[in-house]
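The values are calculated or read from the model by the stated rules, or taken from the named source; none is laboratory data. The structure displayed is predicted, hence computed values, not measured ones. In this analysis, Cβ positions are derived from the backbone assuming ideal geometry, glycine residues included, and neighbour counts consider all displayed protein chains.
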Amino acid sequence: MAWRNIWRNPRRTVLTVCAITFASVLLVFMLSFQFGSYETMINTSVKISTGHLQVQAERYREKKSIRFVIPRPRAIAEIVDHIPEVAAYTFRAQAFSLISSKDRTYGVVVTGIDPQKEVTVSRLKKLVHAGNFLSADDANQALVGKLLAKNLRVTIGDELTLLGQGRDGSIAATVVQVKGVYSSGIDEFDRSTMQIPLATFQDTFSMDGAVHEVVVIGKSLADIPGIKAKLKNALSDLDSGKPLRTLDWQELMPGLRQAIEMDLVSGLIFYGLLIIVVAFSILNTFLMAIFERTKEFGVMMAIGTTPGRLTKVLLIESMAMTMIGIIAGILLGIAITYYFQIHGIDFSGGSELLSQFGITGRMYPKLSLLSISIGPFMVLFFTFFAALYPALKIRRLQPVEAMMAI
Amino acid sequence: MSRQTIISITFLLHLMLAIIRPCPAMDANKIVTDGFNYWRGKASIGTVEMLIHREDWERTMTIKAWTRGQKDSLFYIAAPPKDYGNGTLKKGREMWIYNPKVNRVVKVPPSMMSQSWMGSDFSNNDLAKSDSLLLDYEHTIIGTETHEGKTVYIIESVPKPNAPVVWGMQRLKIREDQIWLSEEFFDEDLQPIKIMTAMEIQMLGGKLFPKVWRMRNVDEQNRYTQLTYRSLEFKPGLPDRLFTLSSLKQRRR
């Protein structure tokens, strides 16, 4: 009977179902998109330089002094080699130095990279848009950020003088040749960084084989906590000469985590509003239905239907509508999201905020059980309460009065 | 005692005070300028040992220094051998660094002036802007104390409005015989940041001069840079060509 009742006023029913469907589609899509964009953001950000995880000397993160080093990186390499979830790792060393071309001088963060391993960890090689990436046997060659190259007025093949302070406090100086120019889209990175081969770095800065960071990339974002725990355990057993610690991407890039949290909160507020609007529209439909059908209910009660039964019928009606809406919404939502998951959404017009995290091209929403279910479930939850109110209201109807109503 | 005597005594006292108490601002300026000139001399040639001390680490360098007037300086590292021949030329407010290994002269850009000089607790600014204290600050005597039987003036130096300086205030202690005892640096919130103290005052280069200078961060006891004069000679003048870029490039011994 409830089923028949639904289709007695098809227009009203279709409208309600549509509202629910629309809300569900929107929720499924938006949530998938948000989660997808977070993963994109994290993965692109970590692949610019930080990696998913880093092993550093204690205090190095707070104070990037050249003296806070990992003295024997080989020992850590052995540990990392034995963690199956690790996809790749590399060593890096960093120092702040004066870099000067013929007539300009800037303060720059110079990073020593292992040209072969770096490729597996970061996107640096793909970012080189002029000249070439460093090769394994390069010495005294350098990759320079695009804005830095512009500021220094140098191009491929030009010489740069590097002046800094070595690990032992001595003066570090060398001349390097620009081999390539890279552009990450992150101004800060392109303006104040330079990469040289790790061997050249260690030689120039008297590093004595030491490095500053072991950068680790996991097979997937979900593996990171596991790798971190294993690394921590192994490091505590290792006698490395200096206390070391493991940092994950959230600690390495607190700005990124905060941006994600903020976006999620503002997203949740929006979804909350959406659900409330839908709930009210459903409440409205149900109330109208009851007013319209007061007479009918009166008759039904007069012929002996108990108020409890009526409430049940009404609830079944509303839940049936909601379920239709939600199922349609989920299916449609999955279809739309899946389309974009494969084809991506073009963000090349890219806002400043996105390019800050290195996202310049397409964004891909990512379907997951959570993103599919959480939105529609909330809709179901709230519409149930919205339907409950009118359904309970009819319990108070008096058959005679009800039949007299228009 | 009659009322009149009291009045006349008070009057006399006031008069005496007025005579004794000098005009503070002018006098403070004079004390600072004289002290600075006494410190720098007309020109000087010296050898300084620079000790950089850290909690777990220490390093010594020997530096040869030429100075002229209030503005020009030339420094060379004589030891350790690894750093031999690295030079710094300071002229006016500009600084250049020379490295023999790459045989290049690099001008220190304005953005790097607050960086440490040769890894010490002295910043490039401390060197380049040494005469800024005379030009950009207003000086006031805020008190006196005694040191080895001599009066020491405590002077507070506040930057003039719009002066291009990094410090919010400096507090100087200058002895009456023009010897600079300490210089304390304060930030804009007037919190003390670092302090330079002079020690072991003795005859050096023909006059009384502190042999040891120590620059220390106020909140870190175990981190300082100490300069010890191994030799010091004051000269009536030094030639112009000494303070040029081409002179910086020449290796000296």
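Observations on the model:
- Test result for residue B:126, within 14 Å of chain A (Cβ to nearest Cβ) and of a type in the set (D, E, K, R): no
- Candidates in segment B:108-125 are the residues that are free of Cβ contacts under 8 Å to residues at least 60 places away in the same chain and out of contact with any helix residue (DSSP H, G or I) (no Cβ under 9 Å at 6 or more places or on another chain); of these, the one that is surrounded by the fewest Cβ atoms within 10 Å (Cβ to Cβ) is B:111.
- Here residue B:137 meets the list (1) under 16 Å from the mean Cα position of the chain (by Cα); (2) facing another protein chain (nearest Cβ under 10 Å) almost entirely, failing just condition (2).
- Condition broken by residue A:137, with the remaining ones in (1) free of Cβ contacts under 8 Å to residues at least 12 places away in the same chain; (2) assigned to a strand (DSSP E or B) satisfied: (2)
- Screening segment B:195-206 for residues that are without any contact (Cβ under 8 Å) to a residue 60 or more places away in the chain and not aliphatic (A, V, I, L, M) and picking the one that is farthest from residue B:223 (Cα to Cα) gives B:206.
- Options A:53, A:127; residue that is buried (at least 16 other Cβ atoms within 10 Å of the Cβ) and in the same structural domain as residue A:200 (by TED's automatic domain parsing): A:127
- Hits in segment A:235-265 (condition: closer than 14 Å to residue A:56 by Cα and assigned to a helix (DSSP H, G or I)): A:235, A:236, A:249, A:251, A:252
- Taking segment B:58-121 and the strands (runs of 3 or more DSSP E) fully enclosed by it, the elements with 3 or more residues that are at the interface with chain A (Cβ under 7 Å from one of its Cβ atoms) are at B:104-107.
- Residue list for segment A:160-178, filter: more than 30 Å from residue B:57 (Cβ to Cβ) and without any contact (Cβ under 8 Å) to a residue 24 or more places away in the chain: none
- Considering segment A:98-125, the residues that are assigned to a helix (DSSP H, G or I) and touching a residue at least 12 places away in the same chain (Cβ under 8 Å) include one that is nearest to the other protein chains (Cβ to nearest Cβ), namely A:115.
- Scanning segment A:140-171 for residues that are within 14 Å of another protein chain (Cβ to nearest Cβ) and in a helix (DSSP H, G or I) turns up A:148, A:151, A:152.
- If the condition is being in a strand (DSSP E or B) and within 14 Å of chain A (Cβ to nearest Cβ), then segment B:28-57 contributes B:50, B:51, B:52, B:53, B:54, B:57.
- Within segment B:220-253, considering residues that are of a type in the set (D, E, K, R) and at pLDDT below 85, the one farthest from residue B:65 (Cα to Cα): B:220
- Being surrounded by 23 or more Cβ atoms within 10 Å (Cβ to Cβ) and within 16 Å of residue A:195 (Cα to Cα) is a description that does not apply to residue A:119.
- Of the helices (runs of 4 or more DSSP H) lying entirely inside segment A:1-97, the ones with 2 or more residues being β-branched (Val, Ile, Thr) and under 30 Å from residue A:297 (Cβ atoms) are found at A:10-45.
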